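Enquirer: I'd like to ask you about the structure that follows.
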Amino acid sequence: MTESSYTNWYSMSDGALAEHIGAFVSHCRLEQNKTQEALANAAGVSRSTLSLLERGGTVTLATLIQVLRALDQLQIMEAFTVKETVSPLALAKIEKAKRKRASKNDR
């Protein structure tokens, strides 16, 4: 996609990140041999909006999602999955509350 590989996302400016995303979209589009016009129509956006996205310009989040969906690249959304974790203290409380013995049934 780009000549240099960025491993420190925090050091990149917002503009550089937007350009990186645009380069990704452009790369995927070309890999699928789609024109900007064809992809824009499939995504339900204008060709000029897609061009702006590919150049790293400001577009809405909804536009980015529509384009990613049209490119079949929604697997990127995995990065936004929230994984629930249990703190060690909460885990200890859960373990303490678990039954340790069966009760005797007198019937």
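Per-residue answers, yes or no, for (1) hydrophobic (A, V, I, L, M, F, W, C); (2) loosely packed, with under 13 Cβ neighbours inside 10 Å; (3) touching a Cys at 6+ places or on another chain (Cβ under 7 Å):
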residue	(1), (2), (3)
Met12	yes, no, no
Gly56	no, no, no
Ile76	yes, no, no
Ala79	yes, yes, no
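Enquirer: Continuing with the same structure: Could you tell me whether the stretch 45-52 includes any residue that is loosely packed, with under 13 Cβ neighbours inside 10 Å, over 17 Å from Ile76 (Cβ atoms), at pLDDT 95 or above and of a type in the set (Gly, Ala, Ser)?
Expert: Taking every residue of the stretch 45-52 in turn, at least one turns out to be loosely packed, with under 13 Cβ neighbours inside 10 Å, over 17 Å from Ile76 (Cβ atoms), at pLDDT 95 or above and of a type in the set (Gly, Ala, Ser).
Enquirer: Turning to a different aspect of this structure: Val25 versus (1) surrounded by 10 or more Cβ atoms within 10 Å (Cβ to Cβ); (2) part of a loop (DSSP other than H, G, I, E, B); (3) among the β-branched types (Val, Ile, Thr): which is the lone unmet condition?
Expert: Condition not satisfied by Val25: (2).
Enquirer: I'm trying to understand the selection: among the residues of the stretch 46-80, which are among the polar types (S, T, N, Q) and in contact (Cβ under 8 Å) with a residue 24 or more places away in the chain?
Expert: Within the stretch 46-80, Thr58, Gln73 meet the criteria.
Enquirer: Moving on. Can you tell me which condition Thr63 does not meet? The list is (1) loosely packed, with under 11 Cβ neighbours inside 10 Å; (2) under 20 Å from the mean Cα position of the chain (by Cα), and all the others hold.
Expert: (1)
The values are calculated or read from the model by the stated rules, or taken from the named source; none is laboratory data. Here the structure is a predicted model, which means the values were calculated and not measured. FYI the Cβ positions are ideal-geometry reconstructions off the backbone, even for glycines, and counts take in every protein chain you see.
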